[in-house]
Amino acid sequence: GPAVPVVDGVRRSGMTGAAHFAVSEAGSLVYVPGPTGALGSRVDIVIADRAGSVERLALPTGGYEVPRVSPDGTRIAFGSSGVDQNIWIYDLAGTTAIRRLTFGGRNRFPVWSADGQRVAFQSDREGDVAIFWQAVDGSGTAERLTKPAPETSHVPDAWSPKNDRLLFSVVAGPRLALWSLSLQDRRIEPFGEIEAGNPIGAAFSPDGQWVAYRVEDGIYVEPVPLTGAKYQISKEGHHMVWSRDGKEIFYLPGGVGRLSSVPVSLQPGFSLGS
């Protein structure tokens with residue numbers, strides 16, 4: 001027979017689109033409530049200081065995803081969830097309206113180039129789920145950077161500070177692997193043997209000599225180029241971001257409304273505080 005609606009308003013993952021529900025053998029349904037017909041909840045984008053004070057940006061409440069601050073700290077790029085998935089640019093001075101950057105297909109996961117001139121993002125505009133980039137001022141057309149193999153997709157993670165390498169995740173079923181794209185010759189290759197069953201979210205240190213990433217058993221940091229040495233930052237957490245001076249790593253340790261940081265020292269060797 002035809003499909004019959006059971007319940008409206010079930011939360012879905014912004015990363016995979018998976019719905020958060022389960023059904024018992026006895027027929028009971030449990031689910032996490034969420035907006036109907038959208039991949040994410042309606043949220044505000046805010047700026048918070050070290051004391052926890054929060055300033056809401058002059059943006060209407062909406063289905064925003066993964067806001068990313070530009071290298072010069074003046075703008076943010078963010079995605080929009082739901083049916084209309086696109087990348088938007090907003091000037092933090094608040095003197096101009098938000099500006100749509102992408103057109104065509106579903107576009108997600110913006111990552112700024114190191115020089116702040118372009119934004120890389122995931123897009124299905126040409127049938128596969130690849131990585132493209134677009135000039136921030138909107139000039140020209142989006143340019144393809146990767147070509148996924150069949151049954152795989154690509155998610156951009158981080159540009160190196162020299163702007164010569166993009167780290168990205170190759171998604172194949174339930175597993176993800178970290179790969180590297182050389183901008184000079186467009187060569188792609190695995191970045192070590194980093195694999196996980198969760199979003200890896202790799203992030204370069206400001207000097208480009210270290211990379212933080214997430215796997216099942218926690219957050220790690222490794223030197224670049226990879227030597228086999230690695231240091232565990234936390235046993236849990238996600239969405240790692242280095243401070244601009246390279247002396248801290250911020251991350252979400254789990255739980256709503258929590259943000260943590262750990263002090264790190266990169267010279268003469270790697271060490272971390274509590």
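The values are calculated or read from the model by the stated rules, or taken from the named source; none is laboratory data. Every value quoted in this text rests on a predicted model; they were computed, and no experiment measured them. Virtual Cβ from ideal backbone geometry, glycine too; neighbours counted across all protein chains shown. Quick note on the areas: whole protein, heavy atoms, side chains included, nothing else; ligands and nucleic acids left out. Shrake-Rupley method; radii C 1.70, N 1.55, O 1.52, S 1.80 Å.
Results, tabulated for the structure shown:
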quantity	calculated
Subset of the range 135-151 (residues that are over 23 Å from HIS239 (Cβ atoms) and either of a type in the set (Lys, Arg) or buried (at least 19 other Cβ atoms within 10 Å of the Cβ) (or both))	ALA142, ARG144, LYS147
Filter result for GLU55 (more than 15 Å from the chain's Cα centre (by Cα), of a type outside the set (Lys, Arg) and either on the phi < 0 side of the Ramachandran plot or open to solvent by less than 60 Å² (accessible area, probe 1.4 Å) (or both))	yes
Exclusive hit being out of contact with any Asp or Glu (no Cβ under 9 Å at 6 or more places or on another chain), loosely packed, with under 13 Cβ neighbours inside 10 Å and of a type in the set (Ser, Thr, Tyr), set THR95, THR61, THR102	THR95
The range 71-84 - residue that is at pLDDT 90 or above and more than 14 Å from the chain's Cα centre (by Cα) and, of those, least open to solvent (accessible area, probe 1.4 Å)	GLY73
The range 236-273, subset at pLDDT 90 or above and assigned to a loop (DSSP other than H, G, I, E, B), residue nearest to ARG50 (Cα to Cα)	SER243
LEU178 vs. criteria open to solvent by less than 20 Å² (accessible area, probe 1.4 Å) and touching a Gly at 6+ places or on another chain (Cβ under 9 Å)	yes
